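Student: For reference, the structure I am asking about is given below.
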Amino acid sequence: MGGWLLLIPPSESKKTPPNGNANYPDIRRDKKRNSFPELDVARDVLISQLIAAIDRGTGLDRLFEMTGETLGEAIAWNRLLPNAPTAAARDLYSGVMYEAIDFGTLKMAEKKLFDKNALIISGLFGLLRPSDWIPAYKLKIGANLGGAVGKVAHFWRRPVSELLRRELRGKIVWDFLPDQHRRVWDSTGEVVAHHQVKFVKRIIRSGVAEYKTISHHSKALKGSLIRHLLAKNAESPKDLHDFVHPDGYSYNRELSVNSKRESTLVFAAD
């Protein structure tokens with residue numbers, strides 16, 4: 001089978017699709033805009049439970065981990081989900097990583113690679129391709145809706161893992177998932193190799209130099225590394241060794257763990 005696939009998270013930040021775009025019920029019947037229709041029943045259950053939680057009106061700040069205007073926006077978006085306008089996931093997601101990928105500026109061959117080879121693990125939709133059309137929503141993978149859904153990550157673990165076993169079979173896997181999203185995949189399947197990445201910064205603590213894993217800025221760095229991966233159509237960790245970010249991050253052989261089937265590529269900055 002051969003080739004590679006890229007596992008990535010969604011984005012907390014999203015754009016609102018134009019009202020004239022196709023609505024959610026219509027795109028579900030379109031295989032070009034709904035790559036995994038076998039998840040639609042589970043999606044309906046989750047959306048129903050999400051709207052029910054909003055209707056109850058208690059503990060919403062804890063459920064969405066937000067307050068004020070952002071909480072109001074989350075409630076408004078989620079109430080409209082059953083008939084909301086949609087857009088391609090890669091255009092809807094507007095967070096730091098997706099800004100760094102900057103899909104619109106990729107070469108045509110790179111755009112096709114991204115749409116074909118990237119898989120997004122989503123709290124609301126389970127599994128998506130970047131070209132799948134979805135409405136704007138708010139739901140973190142770590143949320144707990146109770147009832148028939150419970151913890152969102154656990155709810156998706158079985159159906160998404162089944163799909164990933166099919167999609168990843170015989171593939172090299174570039175795993176750019178945060179820990180919470182990675183828990184949705186049970187890590188089973190006949191993959192050729194599994195490669196992860198990490199970004200660290202050298203700091204001085206009590207006069208001793210050490211490397212600290214960075215969190216938020218890693219989203220922008222991952223986006224830049226994804227552009228590099230697409231440009232090289234990378235199938236081996238060696239293909240990413242020449243990545244250098246303007247902020248000084250580059251491949252560190254000593255900190256990385258490399259083997260034929262499992263590796264963690266570490267990019268470090270002083």
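The values are calculated or read from the model by the stated rules, or taken from the named source; none is laboratory data. Quick caveat, the model's predicted, so the values are computed rather than measured. Cβ coordinates were reconstructed from backbone atoms using ideal geometry, including for glycine residues, and neighbour counts include every protein chain displayed.
Student: Pull up the stretch 66-105, narrow it to residues that are part of a helix (DSSP H, G or I) and acidic (Asp, Glu), then point me to the one that is surrounded by the fewest Cβ atoms within 10 Å (Cβ to Cβ).
Tutor: Narrowing the stretch 66-105 to residues part of a helix (DSSP H, G or I): 68-79, 81-83, 89-92, 96-101, 103-105.
Imposing the further condition that a residue be acidic (Asp, Glu) reduces the set to 69, 73, 91, 99.
Numbers: GLU69: 8, GLU73: 16, ASP91: 16, GLU99: 15.
Of everything passing the filter in the stretch 66-105, GLU69 is surrounded by the fewest Cβ atoms within 10 Å (Cβ to Cβ).
Student: If you go through the stretch 188-213, how many residues are outside any strand (DSSP E or B) and in contact (Cβ under 8 Å) with a residue 12 or more places away in the chain?
Tutor: 5
Student: Something else: Taking LEU5 and the conditions (1) modelled with pLDDT of 95 or more; (2) part of a loop (DSSP other than H, G, I, E, B); (3) closer than 18 Å to ALA118 by Cβ, which numbered condition does it fall short on, given that it satisfies the others?
Tutor: (2)
Student: Moving on to the next point. Determine if the stretch 184-196 includes at least one residue that is crowded, with 19+ Cβ neighbours inside 10 Å, under 22 Å from HIS154 (Cα atoms) and of a type in the set (A, V, I, L, M, F, W, C).
Tutor: Within the stretch 184-196, one or more residues are crowded, with 19+ Cβ neighbours inside 10 Å, under 22 Å from HIS154 (Cα atoms) and of a type in the set (A, V, I, L, M, F, W, C).
Student: Is there a residue being over 16 Å from LEU119 (Cβ atoms) and part of a strand (DSSP E or B) anywhere in the stretch 216-239?
Tutor: no
Student: Can you confirm whether the stretch 33-54 contains a residue that is surrounded by 13 or more Cβ atoms within 10 Å (Cβ to Cβ), over 16 Å from PRO159 (Cβ atoms) and under 20 Å from the mean Cα position of the chain (by Cα)?
Tutor: For the stretch 33-54, residues surrounded by 13 or more Cβ atoms within 10 Å (Cβ to Cβ), over 16 Å from PRO159 (Cβ atoms) and under 20 Å from the mean Cα position of the chain (by Cα): present.
Student: Given the conditions (1) of a type outside the set (Gly, Ala, Ser); (2) surrounded by fewer than 23 Cβ atoms within 10 Å (Cβ to Cβ); (3) touching a residue at least 60 places away in the same chain (Cβ under 8 Å), report the number of the one that ILE121 does not fulfil.
Tutor: Every listed condition holds for ILE121 apart from (2).
Student: Within the stretch 83-105, count every residue that is more than 18 Å from SER218 (Cβ to Cβ) and not charged (D, E, K, R).
Tutor: Qualifying residue count, the stretch 83-105: 11.
Student: Quick one: what pairs do we get from the stretch 23-52, first residue closer than 19 Å to LEU119 by Cβ, second assigned to a loop (DSSP other than H, G, I, E, B) and of a type in the set (Val, Ile, Thr), C-beta under 7 Å, 6+ apart or different chains?
Tutor: ILE27/THR86; LEU46/VAL149
Student: Out of all the residues in the stretch 244-270, which are within 18 Å of VAL173 (Cβ to Cβ) and part of a loop (DSSP other than H, G, I, E, B)?
Tutor: Answer for the stretch 244-270, where residues must be within 18 Å of VAL173 (Cβ to Cβ) and part of a loop (DSSP other than H, G, I, E, B): SER256, ASN258, SER259, LYS260, ARG261.
Student: Just to verify a result, which residue in the stretch 242-262, among those that are in contact (Cβ under 8 Å) with a residue 24 or more places away in the chain and under 26 Å from LYS111 (Cα atoms), is surrounded by the most Cβ atoms within 10 Å (Cβ to Cβ)?
Tutor: This residue is TYR249.
Student: Oh, and also: Just one of the numbered conditions (1) touching a Phe, Trp or Tyr at 6+ places or on another chain (Cβ under 9 Å); (2) charged (D, E, K, R); (3) surrounded by fewer than 18 Cβ atoms within 10 Å (Cβ to Cβ) is not true of ASP132; which one?
Tutor: The single condition ASP132 does not satisfy is (3).
Student: Continuing with the same structure: Which condition number in (1) touching a Ser or Thr at 6+ places or on another chain (Cβ under 9 Å); (2) farther than 26 Å from VAL96 by Cβ is the one that SER35 fails?
Tutor: For SER35, the exception is condition (2).
Student: Okay, moving on. Among residues belonging to the stretch 215-226 that are surrounded by 19 or more Cβ atoms within 10 Å (Cβ to Cβ) and either modelled with pLDDT under 95 or not hydrophobic (A, V, I, L, M, F, W, C) (or both), point out the one that is farthest from PRO130 (Cα to Cα).
Tutor: SER218
Student: Which residue is nearest to PHE114 (Cα to Cα), if the candidates are limited to the stretch 130-176 and must be touching a residue at least 24 places away in the same chain (Cβ under 8 Å) and of a type in the set (Asp, Glu)?
Tutor: Within the stretch 130-176, the match that is nearest to PHE114 (Cα to Cα) is ASP132.
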